[in-house]
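Some notes on the structure that comes next.
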Amino acid sequence: MLDHFRRLFAYDGWANREVLTSLRTAGVPSSRALELTAHIFAAEHVWLARLRHRPQPFPVCPEFTMQVCEDQAAELPSLWERYLNDSQEAGLLSTITYKNTIGESWTSRVADILTHVSTHSVYHRGQVATVMRAAGFTPASTDFIHGIRQGLVE
């Protein structure tokens, strides 16, 4: 199961970089596209902090610049890789208790959190694509199978 998550987070890093490339190509990104992209990165940091039992480093909807998003796109893949390399198969079935952004306490399986992080990012990348299309631009093709077929994700 760890190899599955390593692959998903490799895909996530690639897809996030592709989105940033499409935003740069479009010129000045719409504020909504940038907000959604910033949310992807901040939310990944929030979940990683919860998994590591650390304080939340960012609000879930930060006001990141394009440069900060690019910095996060460069940093997050190695943080996820380190987390997964520090993990063990049995630990994926363990649970953690954390507080969500409105202060409610929850307990979730680690594997479910990792799945959530991956699918959450996919959801918001789809929103970025919609915003870009509405503005007349061509969004990045970030489908998982596209990355696999092109050899961009192993």
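The values are calculated or read from the model by the stated rules, or taken from the named source; none is laboratory data. Quick caveat, the model's predicted, so the values are computed rather than measured. Methodologically, a virtual Cβ is constructed for each residue, glycine included, from the backbone with ideal geometry; neighbour enumeration extends over all protein chains shown.
When you check VAL28 against the structure, is it within 21 Å of ALA135 (Cβ to Cβ) and free of Cβ contacts under 8 Å to residues at least 24 places away in the same chain, yes or no? So VAL28 passes the test. Within the range 103-154, the set of residues being of a type in the set (Gly, Ala, Ser) and either free of Cβ contacts under 8 Å to residues at least 12 places away in the same chain or not in a loop (DSSP other than H, G, I, E, B) (or both) comprises GLY103, SER105, SER108, ALA111, SER118, SER121, GLY126, ALA129, ALA134, GLY136, GLY147, GLY151. The single condition from (1) over 23 Å from ARG6 (Cβ atoms); (2) exposed (fewer than 13 other Cβ atoms within 10 Å of the Cβ); (3) within 15 Å of the chain's Cα centre (by Cα) that SER78 fails is (1). Determine whether GLY147 is farther than 23 Å from GLY13 by Cβ and at pLDDT below 95. Criteria not met by GLY147. Considering (1) outside any helix (DSSP H, G or I); (2) buried (at least 19 other Cβ atoms within 10 Å of the Cβ); (3) of a type in the set (S, T, N, Q), the lone condition that THR37 does not fulfil carries the number (1). Pairs are defined by a Cβ separation below 9 Å, a sequence spacing of at least 6 or placement on different chains, a first member in the range 72-84 that is farther than 15 Å from ALA38 by Cα, and a second member that is outside any helix (DSSP H, G or I); the pairs so defined are TYR83/ARG52. Here is the figure for the range 85-102: residues that are among the polar types (S, T, N, Q), without any contact (Cβ under 8 Å) to a residue 40 or more places away in the chain and either crowded, with 17+ Cβ neighbours inside 10 Å or touching a strand residue (DSSP E or B) at 6+ places or on another chain (Cβ under 9 Å) (or both) total 4.
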